[in-house]
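Okay, structure first, notes after.
The values are calculated or read from the model by the stated rules, or taken from the named source; none is laboratory data. Since this is a predicted model, take the numbers as computed values, not measurements. With ideal geometry, Cβ positions are generated from the backbone for all residues, glycine too; neighbour counts draw on all protein chains shown. In case anyone asks, the SASA skips ligands and DNA or RNA and just uses the protein heavy atoms, side chains included. Shrake-Rupley method; radii C 1.70, N 1.55, O 1.52, S 1.80 Å.
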Amino acid sequence: MGKKKTEIKIMHSKLGRSGAVGLAFHEDRIIFLDPRLKGFDYLETAIHEIIHVQFPKLNEITVEARGKEMAQLLWKLGFRQCDL
């Protein structure tokens, strides 16, 4: 059996200076999301960065298309972020 991968860590940090709303570090299995993102933009960015970690060899165009499609489907199904 193969080595079990570590859990992907999700961190929140204002990323305005980097010009990004999300960043992925596949070697460390960490993604950073800008906490100012809300609603659909947060969902789409989170999925996009998760894809980068899970499939680091995919090109940006493919990641963008797959992330957008997944986010649209989940949003259509009613998935939303809520603060409890």
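For this structure, a couple of remarks:
- Carbon and sulfur %, accessible surface of the chain computed with the full protein complex present, 1.4 Å: 58 percent
- Taken one residue at a time, the phi angles of the range 52-64 give Karplus couplings (6.51, -1.76, 1.60, θ = phi - 60°) of 4, 6, 6, 9, x, 8, 5, 7, 4, 5, 5, 4, 4 Hz. Gly and Pro are set to x.
- Beta bridges by DSSP in the chain, antiparallel share as percent, to the nearest 5: 50 percent
- Inter-label distance, nm, simple model (7 Å from Cα along the C-beta direction), K9/R36: 2.5 nm
- Kirkwood-based shape ratio for the chain, expressed as Rg/Rh from alpha carbons: 0.98
- Rolling a 1.4 Å probe across the protein heavy atoms gives the range 8-65 an accessible surface of 63 Å² per residue.
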